[in-house]
Structure formats: C-alpha cells, structure tokens
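Take a look at the structure below.
The values are calculated or read from the model by the stated rules, or taken from the named source; none is laboratory data. Computed from a predicted model, the values in this text were never measured in an experiment. So basically every Cβ, Gly included, is an ideal-geometry build from the backbone, and we count neighbours across all protein chains shown. Just the protein is used for accessible areas: all its heavy atoms, side chains included, with ligands, DNA and RNA removed. Shrake-Rupley method; radii C 1.70, N 1.55, O 1.52, S 1.80 Å.
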Amino acid sequence: QLQLVESGGGLVRPGGSLKLSCAASGLTLDRYTLGWFRQAPGKEREGVLCIDSSGKSTNYVDSVKGRFTISRDNAKNTVYLHMNSLKPEDTAVYYCAANFGLCPVRHPDYWGQGTQVTVSS
C-alpha cells in the first residue's frame, strides 16, 4: 500500500532555507489529504501545514506563517514543504502523513519515518 519517505532535512544556519520532500509509492497521492508535522525535543508532535486533494492549504502554527509553504505535485507523487527564514525554534523532526478527508489530517493512515531539521549557527 502507500509508503511515504521524507528527504531534504539537514543542518542549516538561522535565516537559511530548506525544501523537504515526501515521496509516495505503492498508491497515487492525488485523492489524499496530506500534512506536515514536526516534533521538537521534549515537545509533543504538532501539525504544521495541511493540503487537501484540491490543492487548498491550511496553516496551524502561527510562527511559521509567511515562512513555510506546502505544495503537491501529483505527477511526481510528491508533497513538499518549503521553509524560509529558518529559526532555531524550527529545529525538529519533520514528518509527512496522509489520510482521506478534510484538513487537518486526523488519524493518519500513513506516516513517513521523518527527517531531521536542525537550525543552528
């Protein structure tokens, strides 16, 4: 069935940018609602952004507004998270997840393994 694999994480300086990718295999993503989540050390996992099958996106974390953007490319079966003006507070493991239904992604049927983003000088 559906498998999700994140990539693109790494070490970046404050103010820098990263583009995370979540590539799907096994099934096509076009009918799925997709979300990006993150979990910082000592904190619970939180939903950051969601995009539905029509391409409408929703942000759930005020601190990333204007800096993070979610997008999807159904032809490549991939969802992206574009992150600009990164701050140390953005340091976390970032996960993608998928399910049917409206945003937010509730009770995801599928999770990726996560990719580490570290923002440090």
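For the chain, set up a GNM with springs between Cα atoms under 10 Å and report which of Leu20, Leu81, Leu11 has the largest fluctuation.
Ranking Leu20, Leu81, Leu11 by mean-square fluctuation puts Leu11 first.
Which shape class, rounded, prolate or oblate, goes with the stretch 73-121 when its Cα gyration tensor gives a ≥ b ≥ c as root eigenvalues, a/c under 1.5 marks rounded, and past that a/b bigger than b/c marks prolate?
Prolate, because a/c is 1.5 or more and a/b exceeds b/c.
Put +1 on the Cβ of every Lys and Arg and -1 on every Asp and Glu Cβ in the stretch 38-118; which of Gly66, Gln113, Ile51 then has its Cα farthest towards the positive end of the dipole?
Going by the charge dipole, the pick is Gly66.
Where the Cα atoms of the stretch 1-58 are projected onto their three principal axes, how long is each span, largest first, in whole Å?
35, 22, 21
With +1 on each Lys and Arg Cβ and -1 on each Asp and Glu Cβ, and nothing else charged, work out how big the dipole of the chain is about its Cα centre, in Debye to the nearest 20.
It works out to roughly 200 debye.
I need the phi-derived Karplus couplings for the stretch 59-73: 6.51 cos²θ - 1.76 cosθ + 1.60, θ = phi - 60°, integer Hz, Gly and Pro marked x.
Taking θ as phi minus 60°, the curve returns 9, 10, 10, 4, 5, 9, 4, x, 10, 10, 9, 9, 8, 9, 10 Hz for the stretch 59-73.
Leaving out ligands, DNA and RNA, what percent of the accessible area of the chain is carbon and sulfur, probe 1.4 Å?
Within the chain, the accessible surface is 47 percent carbon and sulfur.
Relative to the Cα centre, what is the charge dipole magnitude of the stretch 1-49, using +1 at the beta carbon of each Lys and Arg, -1 at the beta carbon of each Asp and Glu, and rounding to the nearest 20 debye?
For this selection, approximately 160 debye.
Taking only Cα atoms and a 10 Å spring cutoff, compute GNM fluctuations for the chain and point out the largest among Leu18, Leu49, Leu102.
Fluctuation is largest for Leu102.
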